[in-house]
Each structure stands twice: as structure tokens, then as C-alpha cells.
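Down below is the structure, laid out as C-alpha cells.
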Amino acid sequence: MQALKLKATLRDTDPSVWRTLYFHPESGLEQVSDMLLIAMGWDEENTPFFITNDGPITPEDDAWHDASLRDYLVKHGDLLSYSKESDDEYHIELELIATAEESTDEQLPRIDAGENQAPPENIGGLEAYTQHLKALSDASSPSHEAAQKVLGEDYDPNLFDTETLNEEASDLFDDDERESDLAIVPENTLDHEFDPTDIDAHSDISFRFDWLKETHGLKVSEDNVRGVPQELIDFRAGLTEDDIDEPRRYRKLVEPLYKKFPNEPSLMLEMAGIYGLTGENSKSRRLFRDLTNQHPDNLELLTGNLLALETGEEFIEEAKELPQPLDIRNHTAGKDGYYPTTEFLSFEEVAIRHAVHREDIDEALRRLDRLVCFGFLHGDVEQAAFAVAGLMLILIEDAAEAGKIDSEADVLPDNFFAPVSERTTAILDAATADVLSALDGMDEVAVPIQREGPKVKRNDPCPCGSGKKHKKCCL
């Protein structure tokens, strides 16, 4: 595997601030920018840009997302400039100094060597940085205390730690090329006459907040109980479909608010999602990381991270970190002890998935039915209903194999499953049809194999030797 070795030099620094870095030749400019920010200890407060023979390239340009290093650095000695829109006027010169053959085990991108700390951003430029350093080293200087406040009492301009920087780079870039192992069910695979999307399509219902409070003791509200800035609420209320249809255009609308309210958790979460949609995955992950550090108890983030996990084992392990049993009231509420409606939905989805993985069908049905009776429609609970329906089918098949029910019967025995409302029954019927249709689609593309040895039933130990049930392992 080839790698480009670049030398990044911060112009006009004395002693010189420089780094050598290794990149894959097809690394995009966004990744190069992210790596330079790590190497210099900077953040994204000021907009970065590259300077090429064709002019500047900023995150607003297609080339930022589509072009690669190989488009600009071809032969040894080729140069590419990098800077940021700030008063500091720092300029980094990138020079291609070698093309090396790398082991596939080597981390890319990575920092190979370097010297000296880069000056902090927004300090006023190199001249101001030099003055602060002189004052910091001279305890008798009248500016000594001010320099300590700006740089820190223990600031060491010669400090450079390759290992720590590469660990940060590894955290940021590890998932860049990782692909999901989840199977995607193609659209339009339903072959039944009943279209589940029609459920509630013309219903006009209101959330039953009083019912939820009186029956289940849960205080949920659509009011601004989290203290979101009114300017942000007004902005979202005024959005049209055209505004949000194009992610990059929408980002331009949201970014001024994000700069104004950089620590507002719902806005941080929204911006992270927008960055992901516009292909700026590393920036999205960095913002998620900041949100996790600043707001570790944020329910939207906690539930979102859990619901994004791909395997049941990962999910169960992470869910163990939440207060048990799963109850939203174990988490910090908003004004007057109320939780936003969206947080309640996502938390209940986590609880339903948790019950499904534990094969606790009664709990899964109870939580799903509570959501539906409260007023959530089919589209709101579609994924949760799909999971519950899948578990129901597994339990029916297990019961048939065990001889507990007649596999030829058209109707299940009374009370085989806990009773639910009529609306929930309709949603589960549609979800069951979806599950069966998806399974039929898998059967059509499956490659037939000849079984060797006796049939292994779903609840038998898996023949692979994992110690798990067959249905939880290779099946």
C-alpha cells in the first residue's frame, strides 16, 4: 500500500514548527484538514481552506469533499498551502517529500515526527505569540501574569507528543472506512394488499398527556422544558421543506445559530447530523464527541447512540450502563419535572428494543402499546413494531416446535400474547407482514446448501461451539 509523506511547516516560525505526516494518496481534503488541526492542536472555530493554483478551496466547495491529495501533489517537491479565516494569518505549507510502501497494518493518516507547539488560535498572530512567550519566561515582566492567563502557567512551547496526537487521530479516523454489516431490505418488497403506511394516515389525534401522567405517572410535554433558546425555536418553526431539502443549503442556514449558541445540546446534535449528511464525517464525529463530553446525560444523545448500535450484544452491554430498570424518570428532567415528547419516544424505543433482545415479549408489548395509546402513530413506532413482530414470530415458531401450540392452527390460543389495543394490533399486523415479506426476499436470494448431519433446532446449542442458542448465533 502506498502512502504519501508530507512535511507541514508553519511559515515564519522561529524556532520552526513543523510536522511530517503520512496519508493515503486518495485522502480527501477534508481528512487532510482534520489531520492538520490535530497536528497543530487547533480546532474548527475558524473556517479552514486550501490554496491551490486554481484558487482557494473551502468546506463550501465540492472539491473539499470530492478531491484527493493526488489531484494536487504528484511529484516530490509539489506544494499545497493551508490556512484559516482568522486574524492570526497562520499559513501551513504542505510539501510532498516521499512516496513510501506501507504495511496494511500501519495507521493512516498518522504523524511521524515534528518539533514545537503551534501557537494557539486567536492569540493575535505570530508576533503576539512571541511576545507572550517572552513575558511567560520572564517573571519580572509586567505582562507575565497576562501571558500565564493566555497560555497557561505550565505552557511549554517545545512540547510535542507524537503518540498522543496519533491516538487522537486514531479515535477520529478509525471508523472512516468501516462499513455496516446490516442487511438492507429493498423497498417495495411488500406483496400483501394491506399497506401499513395507511394506518393513521388520516387520523387527527392529540397526545394524551393527562392520561400518561394519571395512568403511568409520566410527565411529558411538547413545551420548551429544556430551555432551548427562543431564537432557535422560532427559526425551526419558520423552516419550509425547501429549506431542509438540500443539506448543504440547510447547513448555511443553521451555522450562524450554531456559532451563536455553540453549546446548545439540541443544536450540537443537529449540526452533527448535518455534517454527516454533507459528507463531513470526521467533523460530525468530533462534534458528537464534544457533545458527549459537555452533556454526558443528554437523553437524545444517549438514546441515539444506543439505537445506532448494530448488534444485540453491543446494545445490551451499553444499555447496562443506564439506570435499571429502564425508566425515563431515572434521568434528568426539564422544567417542572417534564420530559420533551421526542425524548420520551426515543427512550421508549430503547426500552422496547431492550425487551426484545431479552425476549421479554410482555414488556415489549406493554411499552409499545403505551406509546400507541398515548398517541404515537404508525410511522413513529415503525421500527419498534417491526422488532416486536419479529420476536412474536420467533416465539410462535418456538412454541410450535415444542408442541405447545398446533402449528397447523390459524388462530393462536387465548392469552398467548398479552392483549393490546386495537390500534396497536393493526400496527403489529402490518409489521408482521413486513417481517414475513423481508424473510421471503431473503429466501429468494439465498444460496441453497446441503445440510450435513441432523437438523439443529432454534433452541439447540449452536454447532459452532459458541455456547449460545442456535437462533442467537449462526442461524
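FYI, it's all coordinate maths here, none of it is from the lab. The structure presented is a predicted model; accordingly, all values stated were derived computationally and were not measured. Heads up, the Cβs are rebuilt from the backbone with ideal geometry, glycines too, and the neighbour counts pull from every protein chain shown.
Side notes on the structure shown:
- Under the Debye formula (equal points on every Cα, no solvent term), log10 I(q)/I(0) of segment 234-302 at q = 0.12, 0.22, 0.28, 0.29 Å⁻¹: -0.30, -0.97, -1.31, -1.35
- Gain in span if fully extended, ALA402 to GLU422, counting 0.36 nm per residue against the direct Cα distance: 4.3 nm
- Formal net charge of residues neighbouring SER421 (Cβ-Cβ distance under 10 Å; K, R +1; D, E -1): 0
- Of LYS7/LYS259; LYS7/LYS283; LYS5/LYS283; LYS219/LYS260; LYS213/LYS320; LYS84/LYS134, pairs whose Cα-Cα distance is over 29 Å: LYS7/LYS259; LYS219/LYS260
- Summing Lys and Arg as +1 and Asp and Glu as -1 over all other residues whose Cβ lies under 14 Å from the Cβ of ILE97 gives a net charge of 0.
- The chain: relative contact order as a whole-number percent, Cα under 8 Å and 6+ apart: 12
- Counted over all Cα-Cα pairs of segment 1-47, pairs farther apart than 11 Å make up 71 percent.
- For the chain, the mean projected area of the C-alpha convex hull, equal to one quarter of the hull surface, is 30.9 nm².
- Under 18 Å from the ASN330 label point (7 Å along Cα→beta-carbon), backbone N, segment 214-242: 217-219
- Phi to ³J(HN,Hα) by Karplus 6.51 cos²θ - 1.76 cosθ + 1.60 over segment 142-147, Hz, x for Gly, Pro: x, 9, 4, 5, 5, 5
- Convex hull (Cα only) mean projected area of segment 215-260, reported in nm² to one decimal: 4.8
- Of all stretches in the chain that contain no chymotrypsin sites (Phe, Trp or Tyr not before Pro) in a DSSP loop with at most 14 other Cβ atoms within 10 Å, the longest one is 195-415.
- Ellipsoid equivalent to segment 58-102 - semi-axes via the Cα gyration tensor, in Å: 23, 16, 8
- Compared with the alpha-carbon gap, the fully stretched path from GLU106 to ARG248 is longer by 47.7 nm at 0.36 nm per residue.
- The equivalent ellipsoid of segment 287-444 has semi-axes of 32, 17, 14 Å, largest first, where each one is the square root of 5 times an eigenvalue of the Cα gyration tensor.
- Radius ratio Rg over Rh of segment 267-310, counting only Cα atoms, Kirkwood formula for Rh: 0.95
- Binning all Cα-Cα separations of segment 10-138 at 10 Å, short to long from zero, yields these whole-percent fractions: 11, 42, 33, 11, 2.
- Potential extension, HIS65-GLU321 segment - 0.36 nm per residue separation minus Cα distance: 88.5 nm
- Positive dipole terminus of the chain, leading residue within PRO256, PHE315, PRO56 (C-beta point charges): PHE315
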